[in-house]
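K.L.:
What follows is a single structure, and I will ask about it in a moment.
The values are calculated or read from the model by the stated rules, or taken from the named source; none is laboratory data. Computed from a prediction, not measured in an experiment: that's the story for all the values here. Cβ: placed from backbone, ideal geometry, glycine included. Neighbour counts: every protein chain shown. When the accessible area is computed, the model is the full protein with side chains, heavy atoms only, and any ligands, DNA or RNA have been set aside. Shrake-Rupley method; radii C 1.70, N 1.55, O 1.52, S 1.80 Å.
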Amino acid sequence: MRDTHGAHQVFVKMPMYQHHSTGGQVLDLETAVKDGILGGVGVGVGVGGGGGVGCGDVTGPEMGKMDLKKMIEQLDSVEVPSVFICPISLEPMQDPVTLCTGQTYERSNILKWFSLGHFTCPTTMQELWDDSLTPNSTLSHLIHTWFSQKYLAMKKRSDDVQGRSLELLETLKKVKGQTRVQTLKELRKLVTTHDSAKKTVTDNGGITFVSSLLGPFTTHAVGSEAVAILVNLQLNSDAITNLLQPTKISLMVDVLNEGSLETKIDCVKLLEVLFTGAEIAPSLRLLVGVLRLVKDKRHPHGILAGLRLLKIISSQESVGNSIISIGGVPQLVEMLPHFNPECLELSLYVLEALSSIPDGALALKNCANTIPTLVKLLMKISENCTQHALSMLWEVCKLSPEECAATAVNAGLAAKLLLVIQSGCNPGLKQRSAELLKLCSLNCTSTIFMSKCKLTRTLQ
């Protein structure tokens with residue numbers, strides 16, 4: 001392939017361009033900008049003999065100092081004009097070159113295409129009558145200018161956010177009452193939407209100060225905003241230890257039970273961070289608040305947050321007994337059919353942990369929907385869900401083999417267990433299935449068992 005440098009005539013692949021065998025018309029950059037193909041970003045372009053392009057207030061020296069690759073990486077979430085995208089990689093071009101067909105590609109991508117033995121234009125599939133690669137200097141300059149403008153605007157916003165975050169932190173140290181609440185609200189909005197604000201708050205002692213606002217005399221309005229800020233920050237071990245103080249946890253529990261939905265979710269997420277790896281015995285009020293959030297079918301995000309917290313704390317036997325004592329088992333069982341797969345797996349994990357406690361297994365047995373619901377979940381969602389459900393069925397059937405085995409077989413358990421045994425599940429799961437199948441066969445009449453398994457007497 002021949003590279004032609006310093007060419008004045010350049011072409012750009014426009015969206016929806018259709019090449020014609022007679023040569024067709026290839027739109028130039030000036031037309032592309034005028035027709036709004038660059039997304040209406042207010043870019044002014046002049047295409048002259050030297051290929052000069054003007055864009056916003058970005059000057060030549062400023063652009064020269066900026067690395068295009070770095071800017072593209074940092075602006076990854078920004079919607080890029082389609083004219084800047086290489087048709088091969090679907091990524092922004094850094095070194096655009098144009099073929100004789102008028103189509104423009106990233107140099108490295110088109111060279112790779114040629115190295116695979118193709119001598120065609122990837123977009124039009126025409127055979128090339130000229131092997132030249134003409135640097136598209138106008139498009140290259142426009143790409144660099146556009147990304148420079150976006151990058152500088154982003155950097156300015158970031159600097160403004162950092163400065164405002166510092167101002168708000170200083171203001172918080174001086175104000176009280178409703179002014180403090182409003183200041184916290186503004187800071188919360190910043191840390192929720194800007195990584196630079198999170199870093200500024202963290203680097204300037206913001207976590208320690210905001211944590212200090214949580215105490216026995218803190219109003220719920222201040223507590224809600226403080227929690228909403230902290231849940232968006234990366235807490236180190238010292239910050240977690242500080243927040244685990246009983247007075248601070250007590251306030252979070254109050255906010256969890258009496259705050260808005262958004263506040264409840266923030267509280268639960270923060271408590272999840274604090275309780276991970278910690279041997280803490282949550283109060284009954286906390287557990288009641290979490291279960292109330294999980295039961296609210298209108299808000300999937302609240303359900304997920306609540307179940308994630310329950311998963312962390314339910315492994316402690318004392319906490320498990322508390323969940324059982326406030327009726328958590330039947331509440332979760334009744335919710336199982338309404339959960340999405342992620343929530344379902346979390347809830348089954350919690351219920352399995354509770355089933356290992358005698359009172360938990362008894363609560364499962366006493367819930368009329370436990371066996372039918374668990375049988376339906378076998379081999380339906382995932383192997384993990386099957387394992388959790390099978391473990392609970394085993395615990396329940398062991399309590400009252402004659403009663404529970406008959407109920408389970410009538411619900412279709414025997415047939416499901418045969419499916420598990422014949423599947424590619426792990427050996428431990430198959431072994432438990434075989435044991436449960438044997439338990440069912442020993443505690444059911446042979447006629448019922450065979451009919452539900454759909455087996456002939458010979459096969460049995």
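K.L.:
Hey, among 149, 178, which residue is touching a Cys at 6+ places or on another chain (Cβ under 7 Å) and either surrounded by 14 or more Cβ atoms within 10 Å (Cβ to Cβ) or not charged (D, E, K, R) (or both)?
P.N.:
Unique residue meeting the criteria: 149.
K.L.:
Tally the residues that are of a type in the set (Val, Ile, Thr) and over 12 Å from residue 184 (Cα atoms), restricting the search to the stretch 202-235.
P.N.:
Selection size over the stretch 202-235: 6.
K.L.:
Another question about this same structure. Residue by residue through the stretch 182-219, note down the ones that are open to solvent by less than 30 Å² (accessible area, probe 1.4 Å) and under 28 Å from the mean Cα position of the chain (by Cα).
P.N.:
Those that are open to solvent by less than 30 Å² (accessible area, probe 1.4 Å) and under 28 Å from the mean Cα position of the chain (by Cα): 184, 187, 190, 191, 196, 197, 200, 201, 206, 207, 210, 211.
K.L.:
Could you identify the single residue in 302, 289 that is crowded, with 19+ Cβ neighbours inside 10 Å, of a type outside the set (Ser, Thr, Tyr) and over 23 Å from the mean Cα position of the chain (by Cα)?
P.N.:
289
For (1) within 21 Å of residue 70 (Cα to Cα); (2) small (Gly, Ala, Ser), each residue gets a yes or a no:
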site: 91; (1), (2): yes, no
site: 94; (1), (2): yes, no
site: 97; (1), (2): yes, no
site: 100; (1), (2): no, no
site: 112; (1), (2): no, no
site: 115; (1), (2): no, yes
site: 130; (1), (2): no, no
site: 139; (1), (2): yes, no
site: 148; (1), (2): yes, yes
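K.L.:
If the requirement is being at pLDDT 80 or above and in contact with a Lys or Arg (Cβ under 8 Å, 6 or more places away or on another chain), which of these qualifies: 133, 166, 128, 142?
P.N.:
Numbers: 166 fails: in contact with a Lys or Arg (Cβ under 8 Å, 6 or more places away or on another chain); 128 fails: in contact with a Lys or Arg (Cβ under 8 Å, 6 or more places away or on another chain); 142 fails: in contact with a Lys or Arg (Cβ under 8 Å, 6 or more places away or on another chain).
Selected residue: 133, the only one of 133, 166, 128, 142 that is at pLDDT 80 or above and in contact with a Lys or Arg (Cβ under 8 Å, 6 or more places away or on another chain).
K.L.:
Looking at the stretch 261-283 only, could you name the residues that are open to solvent by 40 Å² or more (accessible area, probe 1.4 Å) and more than 23 Å from the chain's Cα centre (by Cα)?
P.N.:
Within the stretch 261-283, 279, 280, 281, 283 qualify.
K.L.:
Additional query: When residue 329 is evaluated against the numbered criteria (1) closer than 24 Å to residue 274 by Cα; (2) open to solvent by less than 10 Å² (accessible area, probe 1.4 Å); (3) β-branched (Val, Ile, Thr), which criterion, by number, is the only one it fails?
P.N.:
Condition not satisfied by residue 329: (1).
K.L.:
Restricting to the stretch 340-390, and then to whatever is part of a loop (DSSP other than H, G, I, E, B) and hydroxyl-bearing (Ser, Thr, Tyr), can you tell me which residue is most open to solvent (accessible area, probe 1.4 Å)? Walk me through it before giving the result.
P.N.:
As a first pass, look at the stretch 340-390 and keep what is part of a loop (DSSP other than H, G, I, E, B): 340, 356-357, 367-369, 378-382.
Add one more test, that the residue is hydroxyl-bearing (Ser, Thr, Tyr), and what stays is 356, 382.
On the way: 356: 87, 382: 38 Å².
The qualifying residue most open to solvent (accessible area, probe 1.4 Å) is 356.
K.L.:
Filtering the stretch 432-448 down to residues that are modelled with pLDDT under 75 and among the hydroxyl-bearing types (Ser, Thr, Tyr), which residue is surrounded by the most Cβ atoms within 10 Å (Cβ to Cβ)?
P.N.:
Once the filter is applied, the top-ranked residue is 441.
For (1) at pLDDT below 90; (2) farther than 30 Å from residue 102 by Cα; (3) of a type in the set (Ser, Thr, Tyr), each residue gets a yes or a no:
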{"site": "154", "(1), (2), (3)": "yes, yes, no"}
{"site": "158", "(1), (2), (3)": "yes, yes, yes"}
{"site": "162", "(1), (2), (3)": "yes, yes, no"}
{"site": "175", "(1), (2), (3)": "yes, yes, no"}
{"site": "178", "(1), (2), (3)": "no, yes, no"}
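K.L.:
Looking only at the stretch 189-244, which residues are under 21 Å from residue 282 (Cα atoms), in a helix (DSSP H, G or I), in contact (Cβ under 8 Å) with a residue 40 or more places away in the chain and not hydroxyl-bearing (Ser, Thr, Tyr)?
P.N.:
Selection gives 226, 227, 228, 230.
K.L.:
Ok, one more. Quick one: which residue in 381, 371, 357 is β-branched (Val, Ile, Thr) and farther than 21 Å from residue 323 by Cβ?
P.N.:
Just one listed residue meets the conditions, 381.
K.L.:
Just one of 148, 196, 211 is polar (S, T, N, Q) and within 15 Å of residue 230 (Cβ to Cβ); which is it?
P.N.:
211 is the lone residue from the list that is polar (S, T, N, Q) and within 15 Å of residue 230 (Cβ to Cβ).
K.L.:
If the requirement is being within 21 Å of residue 266 (Cα to Cα), at pLDDT 85 or above and among the polar types (S, T, N, Q), which of these qualifies: 325, 356, 314?
P.N.:
Answer to the check: 314.
K.L.:
Any chance you could count how many residues in the stretch 245-260 are exposed (fewer than 14 other Cβ atoms within 10 Å of the Cβ) and not in a helix (DSSP H, G or I)? So that I can check it myself, show each step before the final result.
P.N.:
Residues of the stretch 245-260 exposed (fewer than 14 other Cβ atoms within 10 Å of the Cβ): 245-247, 258, 260.
Of the ones still in play, those that are also not in a helix (DSSP H, G or I) are 245, 260.
Residues that pass the stated criteria total 2.
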